[in-house]
Amino acid sequence: MTHYPKVAVVILNWNGRFFLEKFLPSVYNTDYPNIEFVVGDNGSTDDSVAFVTATYPAIRIIRNERNLGFAGGYNEILKYLEADYFVLLNSDVEVPPHWITPVIELLESQPDMAAAQPKIRSYYQREYFEHAGAGGGFIDYYGFPFCRGRMLHVMEKDRGQYDDACEIFWASGAAFFIKRACWEASGGFDADFFAHMEEVDLCWRLKRKGYRIGYCPQSVVYHVGGGTLAAANPTKTYLNFRNSLFMMQKNLPLIDACWVIFARMWIDLIALIHFLVQGKLSDAWAISRSHQRFFLDFFKTARKRRRYNQSFSKKGIYNGSFIWAFYIQRKTYFSQLDLKRFL
C-alpha cells in the first residue's frame, strides 16, 4: 500500500485485566504505520484501567460510567474517535503483526464494501476455526447465523478450504473492520441488543443500504471466545434468542417477517423443550423470557424499521434451515450444504 488510511483499533473492556495483560502485547506490536490504539472501558470495577495506564501509556483510554454492553459501549466510545477505519477487537484476541493491512487493502479496493473480518481461528486449538466468525458469517431463512468452518458446536480444521476472499452476510464482532463513514451512515449498533447478534443486525442494515460485507483470509487472528459470557450461560441464551427476533422484525420485509417469526416461535419451542429434557431449566426459561421481551418491545422495535433498498445483495443467505440440515440431514460442515440454496 502507498496510502495508509488511519485505523483506530478499539478494545471494549469490562473487568478484563486478565485478557488485557495477556493479549495487549500482540495488539500493541501491530505493524501498521497509521494507527491509534484505544481501550474503551465499560464501567469496570477491577484494576484493568490502572494496568493499561501504567503499562501502555500511549494507549488512549475512554471511559463509560457504566456497563452499556457490547453494542451501547462501542456506540459511545466511537463518538470520540477520528479515523478512516474502526477495528472493533475483542480483548481475548491474539493477533500477528501484519493482521491489519490485508483487510484494509480489501476494503480500499472495494468502494461498496462497508465492513469485513479476518479469518478467525481458535486460540487454544490453533489449527481449528473459532466459533465467533470462523471463515465468514452467513444466515439461514429463519434468522439463524452460522459460519464457514463452524456449524453450531462443530468446528472444522482449517485446511485452506475457505481461503478465498469473498462476500459474506455478516462479519464477526470479535474482529470487526468497518469504514467510519459507513458506521456513521448506519447509526452503529442497536444499543437495545446490549450484546450478541448486534453485528449481524448492523451488517444486514448495511447490506440493505447497498453495501457489501467481506471476508479476508489473508489475515488470521486467534480468539479465545466466551470471555464475557460463557456459551452455557442462560443470559447468553436469552440475548441470542431475543436479539434474533428483534433483528428479523427490523430487517425482513413485512410479509416475510410475519411468516418467519411465526415459524421461529415453533422452532424456539422445540429448543425450549430440548433444554427441559436435558434438565437445563434456566436455559428453557431464558427462551421463554426472550419471547416475552420480544412482544413487550414489539412496537418499539417496529418503529426502527426503515425503508432501505429492498433489492440488496442477498449473498450469504441460505434459503432453508441449516438447523434441519445439521440435525436431520447430518450436514455438520459448511461445505456439505447445498450451494444452490444460497441466494
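Every number here is computed from the coordinates shown, using simple stated rules; none is lab data. Just so it is clear, the structure is predicted and the values come from calculations on it, not from any experiment. Note: ideal-geometry Cβ built from the backbone for every residue, glycine included; neighbour counts use all protein chains shown.
For the pairs Lys79/Lys314; Lys236/Lys304; Lys22/Lys315; Lys179/Lys314; Lys22/Lys119; Lys6/Lys157, note any where the Cα-Cα span goes beyond 28 Å.
On the way: Lys79/Lys314 30 Å; Lys236/Lys304 23 Å; Lys22/Lys315 37 Å; Lys179/Lys314 21 Å; Lys22/Lys119 21 Å; Lys6/Lys157 34 Å.
Checking Cα-Cα distances, Lys79/Lys314; Lys22/Lys315; Lys6/Lys157 exceed 28 Å.
Check each of the GluC sites (Glu not before Pro) in region 102-181 and keep only those in coil by DSSP with at most 13 other C-beta atoms within 10 angstrom; list them in order.
Numbers: sites: Glu105, Glu108, Glu127, Glu130, Glu156, Glu167; in loops: Glu127, Glu130, Glu156.
Listed in order of number, the matching sites are Glu127.
Residue by residue through region 30-38, which ³J(HN,Hα) values in whole Hz follow from phi under the Karplus form 6.51 cos²θ - 1.76 cosθ + 1.60 (θ = phi - 60°), with glycine and proline marked x?
Result, ordered by residue: 4, 9, 8, x, 10, 9, 10, 9, 9 Hz.
Measuring from centroid to centroid over Cα atoms, what is the spacing of region 175-205 and region 1-55 in Å?
With region 175-205 and region 1-55 each reduced to a Cα centre, they are spaced 20 Å.
Report, by chain and number, residues whose modeled amide H sits under 5 Å from the one on Met113, excluding near sequence neighbours (fewer than 5 apart, same chain).
HN-HN under 5 Å from Met113: Arg212.
May I ask you to list the aspartates and glutamates whose Cα is less than 16 Å away from that of Lys331, ignoring any residue fewer than eight positions away on the same chain?
Straight-line reach from Lys331, under 16 Å: Asp140, Glu156.
For a quick check: with amide H placed at 1.01 Å from N, whose amide H comes under 5 Å from Phe342's, ignoring anything fewer than 5 positions away on the same chain?
Correct list: Asn319.
I'd like to verify something in the chain: which complete DSSP H helices, judged by Cα projection on the helix axis, reach 30 Å or more and average at least 1.6 on the Kyte-Doolittle scale?
Values: long enough: 254-277 (35 Å, 1.88).
Within the chain the helices that satisfy the rule are 254-277.
Tell me, what is the percent relative contact order of region 7-223, built from C-alpha pairs under 8 Å that lie six or more residues apart? Could you put the intermediate results ahead of the total?
Values: 474 pairs, mean separation 55.2, N = 217.
Computed value for region 7-223: 25 percent relative contact order.
If you take the Cα Rg of region 7-223 and divide it by 2.2 N^0.38 Å, with N the number of residues, what do you get? Please list the in-between numbers first.
On the way: Rg = 16.1 Å, N = 217, 2.2 N^0.38 = 17.0 Å.
Against the empirical 2.2 N^0.38 Å value, I get 0.95 for region 7-223.
Taking square-rooted eigenvalues a ≥ b ≥ c of the alpha carbon gyration tensor, is region 103-159 rounded, prolate or oblate, where a/c under 1.5 means rounded and, failing that, a/b exceeding b/c means prolate?
oblate
Report the residue, chosen from Leu68, Leu272, Leu107, that carries the largest GNM mean-square fluctuation when the chain is represented by alpha-carbon nodes joined by springs under 10 Å.
In the Gaussian network model the winner is Leu272.
I need the Kirkwood Rh of region 232-308: take the reciprocal of the average 1/r across all distinct C-alpha pairs and report it in angstrom.
Numbers: mean 1/r = 0.0777 Å⁻¹.
Taking every pair of different Cα atoms in region 232-308, averaging 1/r and inverting gives 12.9 Å.
I need the per residue convex hull volume for region 130-280, using only the alpha carbons, in cubic angstrom as a whole number.
Cα-based convex hull of region 130-280, divided per residue, equals 126 Å³.
Find how many whole Å separate the alpha carbon centroid of region 120-162 from the alpha carbon centroid of region 278-343.
16
Under a 5 Å amide H to amide H cut-off, with H placed in plane at 1.01 Å, what residues pair with Asn13 once short-range neighbours are removed?
Long-range HN contacts for Asn13: Gly40, Asp41, Asn42.
Return the Rg/Rh value of region 286-343, two decimal places, where both radii are evaluated on C-alpha atoms and Rh is the Kirkwood radius. Before the final figure, lay out each step's value.
On the way: Rg = 16.5 Å, Rh = 14.6 Å.
Rounded to two decimals, Rg over Rh is 1.13.
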